[in-house]
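Step one of this worksheet: look at the structure below.
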Amino acid sequence: MQRRRFIQSMAALAAAGALPFNLTQAFAAVSVDDLPKLKGELTLYLGRGEGGLYENVLKAIEERNPEFKLRIRRGPTASLANAILAEAKAGVKRADLFWAVDSGAIGMVTSAGLAQPLPSDLTGQLHENFQFPNWTPVTGRIRTIPFNTDRLKAEDIPDDIMALADSDFTIGWAPAYAAFQSFVTAMRILKGDVVTTDWLRGVNARAKKFAGELGVVMAVERGEVDLGLANHYYSLRLKSGKPDARVDLAFTRNDAGCLVNASGILALSEGELSVNFIRYLLSKEVQTYLAEQAYEIPLVDGVKAPEGLPNLELISPPDVDLTKLADLRPTIDLMRNVGIL
């Protein structure tokens, strides 16, 4: 779907099926046709872009609202979170909104007391496990184990992430990638630092390092490694362009290996304009676009999950407060001590 097609779909969208997710139902997604017009200016700190897909969303919102101007500062999510904290310490506020790669960076800002409270009619649009008082997830993503289908079958993959440290599999990972670091943080929360350190050392003995998780999935498909650690959407995107790709997804159970994380947005400035902008990101049209093109998981009711994603009722993610993933410094220190950063 090109940007023009997406902009046109902002005006009219056919009804979508329900999201199969093992969570309490949310209110039905709202169409952009029912949202208030945006008038004025906002500055957004954008921590990611999904190859221009997020940019398409922002441009479409602006084109639909000709009296609205959005200034965008782009950069790595963690760097922008640190910039927001530094600006606040200096008594400067340059950002009205922060759209982050994952909830860990969101937690850094909310923990500092910088996020504005959001109205319950906005946060109530999301599934119950993704409702927070002062930020809102935009889309979800699941940690997965992509594996090479010429080498392995799904039943060969352990359903306990800890078992990988004692396995004979060759493993691809991207330790410098934010999503991986959030995964390790979740493991620390669930298992403790000692167990996590031992796991990292065990996997490191047979792991191959990549700059990002798309590289991990491509290496799995090429047979450079048996399996990898990555968010779900990289495999789905690869298979959408290469249907015969030699890669499939396996899931662990109730541990950090199947963590459901989320991109998220928060308002740093008061007023209806910031809140109403966030409403557009939760609209039926935007959620559908991100599901169809970015293969991310919509978190509002009435929007289909990405094509190719296994039934999410079969997934058993761990019970982790996503905002606690902001406790990143001990994770970085631990990974450096192990020698993988």
Checklist entry - Which residues, counting only those in the range 207-232, are in contact with a helix residue (DSSP H, G or I) (Cβ under 9 Å, 6 or more places away or on another chain) and farther than 14 Å from Ala174 by Cβ? => result Glu221, Asp226
Next on the checklist: Take the residues in the range 307-335 that are free of Cβ contacts under 8 Å to residues at least 60 places away in the same chain and outside any helix (DSSP H, G or I); name whichever of them is farthest from Gln181 (Cα to Cα).
Outcome noted: Asp319
Next on the checklist: So, Val275, is that one under 22 Å from Asn65 (Cβ atoms) and at pLDDT 90 or above or not?
Outcome noted: yes
Checklist entry - Restricting attention to the range 127-167, which residues are touching a strand residue (DSSP E or B) at 6+ places or on another chain (Cβ under 6 Å) and not hydroxyl-bearing (Ser, Thr, Tyr)? => result Phe130, Trp135, Pro137, Val138, Gly140, Arg141, Ile142, Ile145, Pro146, Phe147, Ala154, Ile157
Next on the checklist: Of all residues being over 25 Å from Thr110 (Cα atoms) and among the aliphatic types (A, V, I, L, M) in the range 50-83, which is surrounded by the fewest Cβ atoms within 10 Å (Cβ to Cβ)? Just the residue, please.
Outcome noted: Leu53
Checklist entry - Taking Gly40, is it under 18 Å from Ser274 (Cβ atoms) and not acidic (Asp, Glu)? => result yes
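Residue by residue, here is whether (1) within 17 Å of the chain's Cα centre (by Cα); (2) polar (S, T, N, Q); (3) in the same structural domain as Pro76 (by TED's automatic domain parsing) holds:
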| position | (1), (2), (3) |
| --- | --- |
| Tyr234 | yes, no, no |
| Asp248 | no, no, no |
| Gly271 | no, no, yes |
| Leu290 | yes, no, yes |
| Leu314 | no, no, no |
| Pro330 | no, no, no |
Checklist outcome for this item: Picking from Ser79, Ser103, the residue that is at pLDDT below 95, polar (S, T, N, Q) and in contact with a Ser or Thr (Cβ under 8 Å, 6 or more places away or on another chain) would be Ser103
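Would you pick out the residues in the range 260-301 that are on the phi > 0 side of the Ramachandran plot and crowded, with 22+ Cβ neighbours inside 10 Å?
Taking the range 260-301 and keeping what is on the phi > 0 side of the Ramachandran plot, we get 271, 295.
Residue satisfying the conditions is Tyr295 alone.
Inside the range 231-259, can you point out the residues that are polar (S, T, N, Q) and surrounded by 20 or more Cβ atoms within 10 Å (Cβ to Cβ)?
Asn231, Ser235, Thr252
If a residue counts only when it is within 30 Å of Ala28 (Cβ to Cβ), which helices (runs of 4 or more DSSP H) contained entirely in the range 113-207 have at least 1 such residues?
120-123, 178-191
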Next on the checklist: Based on this model, can you work out whether Gln181 counts as in the same structural domain as Gly228 (by TED's automatic domain parsing) and either of a type in the set (Val, Ile, Thr) or within 17 Å of the chain's Cα centre (by Cα) (or both)?
Outcome noted: yes
Checklist entry - Just for the range 208-230: of the residues that are assigned to a loop (DSSP other than H, G, I, E, B) and among the aliphatic types (A, V, I, L, M), which one is farthest from Ala154 (Cα to Cα)? => result Ala211
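The values are calculated or read from the model by the stated rules, or taken from the named source; none is laboratory data. Just so it is clear, the model here is predicted, and its values are computed rather than measured. Positions of Cβ are generated from backbone atoms using ideal geometry, with glycine treated the same way; all protein chains shown enter the neighbour counts.
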